[in-house]
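Structure record follows, encoded as structure tokens.
The values are calculated or read from the model by the stated rules, or taken from the named source; none is laboratory data. Just so we're clear, the structure is a prediction, and the values are computed from it rather than from any experiment. Reconstructed Cβ throughout: ideal geometry from the backbone, glycine too, with neighbour counts over all protein chains shown. Only protein heavy atoms, including side chains, enter the accessible area calculation; ligands, DNA and RNA are left aside. Shrake-Rupley method; radii C 1.70, N 1.55, O 1.52, S 1.80 Å.
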Amino acid sequence: MPLAVVDAQTLVDSVALGAVYALMAVGIGLVFGVLRLVNFAYGQLVMAGAYTLAFTSHFHPAVSIAACFAVVIALSTAIDLAVFRPLRGQSPAVMLVTTFALAFLLQAVARIVDVRDGTIGEPVRVVGRLNRAVDVAGVNVRQVTILAIVLGVVMLGLLALLLGRTTIGLHMRAAAADFRTARLLGVRSDRVIGFAVFLSAVLAALVAVVLTVRRPLVTPAYGLQETIVVLVGVVVGGLDRLWTATLGGFAIGFATGLINGVLPTDKTIFLPTAVFTLVILVLLLRPGGLFAPRGAATVERV
Amino acid sequence: MRRLAPVLELAGPLLLIVAAGLLSTAVSRSTQIYVLHAIVAVAMVVAIYVFIGNSGVLSFGQISFVAVGAFAAGVMTVPLLLKGAILRDLFPILRDHELGNVESLLVAAGVGAVLAAVVGLPLMRLSGLAAGIATFAVLEITNNLLREWTAIGPGATTLSLVPQTTGPAQATIGATLVVLVAWAYQRSRFGRRLRATREDPAAAQAVGISVHRHRLGAFVLSGALCGFAGGLYVHMLGSISTGQVYLELTFLTLAMLVVGGMTSLWGAVVGALAVSGLDSFLAEAERGALPDGTRLVVVGAVMALVLVLRPSGITGGKELRL
Amino acid sequence: MTERRPLLELRSVEVRYGGVPAVRGLSLEVAPGELVGLIGPNGAGKSTTLHAIMGVVPVATGEILVDGASLLGRPPETVARSGVALVPEGRRVFADFSVEENLRLGLAARRNGGGIEALREAFDLFPALAESRRRPAGVLSGGQQQQLAIARALVAGPRLLLLDEPSLGLAPAVVDSVFETLDRVRERGVTVLLVEQRAQRTVALADRTYVLANGGLRATLTPADASDTRRLVAAYLA
């Protein structure tokens, strides 16, 4: 594919999509780090946030966004208490099936809550004005695109500081690397797990805000496709380490943006087959992920 | 009593299937379709159980084999005259031939087995989380190909005009066959060895059991049975689209297996019938007072509850005992 | 032995792994300030005893008391935060973390402030660690990693220090330094329960040494027995 086909606008949009997916990858990776649990239902947190924004669209934006955060954090905490904690110590496969069930359950709840006709959602107006374009160095960029990129960079930076410089961050990294030893040293499992779940919920709420600007039509399946794509990115990048998972999330978002921006739709119909074949190949040939350093000790996982 | 155990292991499931079959002939036409659904669900869940239950390895991919079985049986039984008109892009060999009911079911089983062999050969090296994700990828790939590749099927449109041959008799006989094969397999040397690898892979390998080969065997057999169940399914519905053999069916069949108890034939049968019953009841209720979506909420909640509170399922994952 | 209340007391403790008892009816005491050894052949139940104290494995019957309070049913982190520190078998340092981060992890169990002071003391006690405080723990030598594991337990300010085979897999010269370290730890007034395979050295170092076999108490030895090889062997094999 000649590079000339990729115009600056597509490039910027792709970076923004990569940033959003990277945030979701971090949200999935954080919880995986401390619980060894791939949260299939992560997209439904985003969906819950999106619905909250939709239902509160007649309020002041700040109220609406605050409600979005509150709902997503409450839901995430409830899931942690009711499902994740009782499941602790179960095999990863059982946990995966459970979150798979949870995803379906929450999606079905949305179908009940969605009192319109189940498919047509009303646009979220709160943050709609962010769709206006501004001119950056001769390129027309929507404000939300800039917001996504800035949010991505800022949140990843904050997270790096939190994990690298604070005590709770150190404890989370230790729990991810070797939970048993961390507990023997006095690291409180409930606290690190609770904090990881909280952070992943904050990220899901942020993603909900950005996604609803980009795609205002909220449906029960909202966030499902994104979650599957991000899971692919996370597995291909390397689930064992937070930074490879994040990079995987960014890469798959960026690639998705580029491919959809450049190739006509009829050329991408078999894209899922190619992508999921890649997933299988990575699992078989490089289980640590494409970005994991070759032969590195698989000790640190956050 | 000990000699009675294998008989009971088979008799319990068969009795339930026959009872359901008889029930389907005694009820109204609108209720009958629910009962038939339940019996076909038994065939699917037992087919899935042959792999997951015996190997202890999670798979999200078995519905892929149901899907290819359903489309193979469907495409091959649509009358030739109509096929030329509605499925013009098909490969000539598919377009120009028409099969009878039984042949189509055999083809469905064959296609399921072949796909399972192709996929399983590399994938059976994985277990745990990696197996879960890789088999999910298989489901996505199968769905994508069936949806977009019009040379092998109807693509994104619904395949209709499939002869509806799965009535009470065919459903009951079909499910019985699947249960018989599953029972014979788990009592065989291969089945017992695979179950040994489930309990302790390292020990099984130490006494010379090849985990990879035994898992692959169960995977292919499961693929064949899944394909066969898919054939029963399409002949019951009379039409099929890719969305019907994708995520929701994967979720429902896994819920049935989990709720019944993943590690026993009895659990698979009981789970399939129990969850089907609940599902039908709620589906009927959704047409009345309950809002759309209640069905999946309840089934999802039941599945999650069982996983959290009693991971071995309502039968405890054990075969029927007196 | 003192008349004071024992700091650690096990009363008829039984631990089972899938129905098979690994520790059977074990009773022992460690008085404040004592260094007590626990030796015995492989599979005698030494490590399991430490795991039972830490709450890693459930106790089937019996009682475990620290300073008179029961530890039963408490998760490992609670036990650690109540002033019981374990230096686990195989050291279990976090290889990708810096030496200082490993030590800061040890502070997780510290009940009161003074963490910075504790870190400074640890670096004073182990100058080699101070030199490589910013380096990843994984690049340290085996002996230094063992020092780090001990230092990490000490910065928690424990009342009771449990060590699980600290000399395992170390070169003989390094083993010497580990036992010297243990001596220094004792001088600081920390109560120690030491699980070891090196019977003679342990008996010589400890105030008392229990010999475990098949999950039960076989004999109790004193430093005077360390030079009596026959008695040692007899205690092991009886």
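Laid out as a table, the results:
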| quantity | calculated |
| --- | --- |
| Test item: C:74-82 mean partner chain Cβ contacts at 10 Å | 5 |
| Cα gyration tensor shape for the range A:7-224, rounded if a/c is under 1.5, else prolate or oblate | oblate |
| Dipole-positive endmost among B:Ala203, A:Ala101, A:Leu17 within the protein assembly as shown (Cβ charges, Cα centre) | B:Ala203 |
| Chymotrypsin sites (Phe, Trp or Tyr not before Pro) restricted to DSSP loop in the range B:141-222 with at most 15 other C-beta within 10 Å | B:Trp149 |
| Of the trypsin sites (Lys or Arg not before Pro) in the range A:198-302, those whose Cβ has at most 12 other Cβ within 10 Å and which sit in DSSP loop | A:Arg294 |
| Global geometry of the range C:133-179, whether rounded, prolate or oblate, following the gyration tensor of its Cα atoms and the 1.5 cut on a/c | oblate |
| FRET efficiency, 1/(1 + (r/R0)^6) with R0 41 Å, evaluated for B:Leu161 and A:Thr268 via beta carbons | 0.85 |
| Cα gyration tensor category, rounded, prolate or oblate, for the range C:40-102 with a/c compared to 1.5 | oblate |
| Contour excess over end-to-end distance, with Cα ends at B:Val18 and B:Glu199 and 0.36 nm allotted per residue | 61.9 nm |
| Column: log10 I(q)/I(0), Debye, Cα scatterers of the protein assembly as shown, q = 0.10, 0.11 Å⁻¹ | -1.16, -1.29 |
| Candidates A:Ser64, A:Ser91, A:Ser76: whichever shows maximal mean-square fluctuation once chain A is modelled as a Gaussian network with Cα springs under 10 Å | A:Ser91 |
| Surface share of carbon and sulfur [accessible, 1.4 angstrom probe, percent] for the range B:4-243 | 68 percent |
| Set of the range A:145-172 residues, backbone N closer than 16 Å to the point 7 Å along the Cα-Cβ line of A:Gln9 | A:145-146 |
| Magnitude of the charge dipole, the range C:92-157, Cβ model with Lys/Arg +1 and Asp/Glu -1, debye to 20 | 160 debye |
| The range A:27-57-the range C:88-105 distance, computed between alpha-carbon centres (Å) | 32 Å |
| Highest-fluctuation residue, C:Ala206, C:Ala219, C:Ala52 considered, GNM on chain C with Cα pairs under 10 Å | C:Ala219 |
| Among A:Leu156, A:Leu23, A:Leu242, residue whose mean-square fluctuation peaks in a GNM of chain A (springs only between Cα atoms under 10 Å) | A:Leu156 |
| Area of A:Phe291 that stays accessible when all protein chains are in place (1.4 Å probe, Å², to 10) | 70 Å² |
| Karplus (6.51, -1.76, 1.60) ³J(HN,Hα), θ = phi - 60°, over the range B:85-98, in Hz, Gly and Pro reported as x | 7, 9, 10, 5, 7, 4, 4, x, 5, 7, 6, 9, 10, 9 |
| Charge dipole (the protein assembly as shown, unit charges on Cβ, about Cα centre) - positive-most of A:Tyr42, A:Val144, A:His58 | A:Tyr42 |
| Accessible area per residue in Å² at 1.4 Å probe, computed on chain A | 39 Å² |
| Nearest-20 debye value, the protein assembly as shown charge dipole, Cβ charges on Lys, Arg, Asp, Glu | 880 debye |
| Kyte-Doolittle mean at least 1.6 and Cα axial length at least 15 Å: DSSP H helices in chain B | B:4-26, B:62-77, B:101-123, B:247-260, B:294-309 |
| Spin-label model distance (nm) - A:Arg180 vs B:Asn101, 7 Å beyond Cα toward Cβ | 5.8 nm |
| Relative contact order computed over the range C:154-196 (Cα-Cα under 8 Å; 6+ residues apart), in percent | 64 percent |
| Farthest toward positive dipole pole in the range B:4-243 [+1 Lys/Arg, -1 Asp/Glu at C-beta], among B:Leu221, B:Leu81, B:Phe91 | B:Leu221 |
| Virtual spin-label span in nm between B:Ala11 and C:Ala173, 7 Å along Cα→Cβ | 7.7 nm |
| Long-range HN-HN contacts of C:Val57 with modeled amide H, under 5 Å | C:Ala52 |
| Relative contact order (%) - the range B:148-290, alpha-carbon pairs under 8 angstrom, separation at least six | 28 percent |
| Unit charges on C-beta of K, R, D, E only; dipole of the range B:4-243, Debye | 440 debye |
| Protein-only accessible surface order, largest first, of A:Asp266, C:Asp176 at 1.4 Å | A:Asp266, C:Asp176 |
| Accessible surface buried once A binds B (1.4 Å probe; total of both sides; Å²) | 3400 Å² |
| Label-point gap, in nm, between B:Leu305 and C:Val139 - each point 7 angstrom along Cα→Cβ | 5.7 nm |
| Pairwise FRET efficiency - B:Arg189 versus B:Ala117, Cβ, R0 = 22 Å, nearest 0.05 | 0.60 |
| Calculated FRET efficiency for the pair C:Arg111/C:Ala234, C-beta based, R₀ 56 Å, to 0.05 | 0.85 |
| Computed over the range C:92-157: relative contact order in percent, which uses C-alpha pairs under 8 Å that are six or more apart | 56 percent |
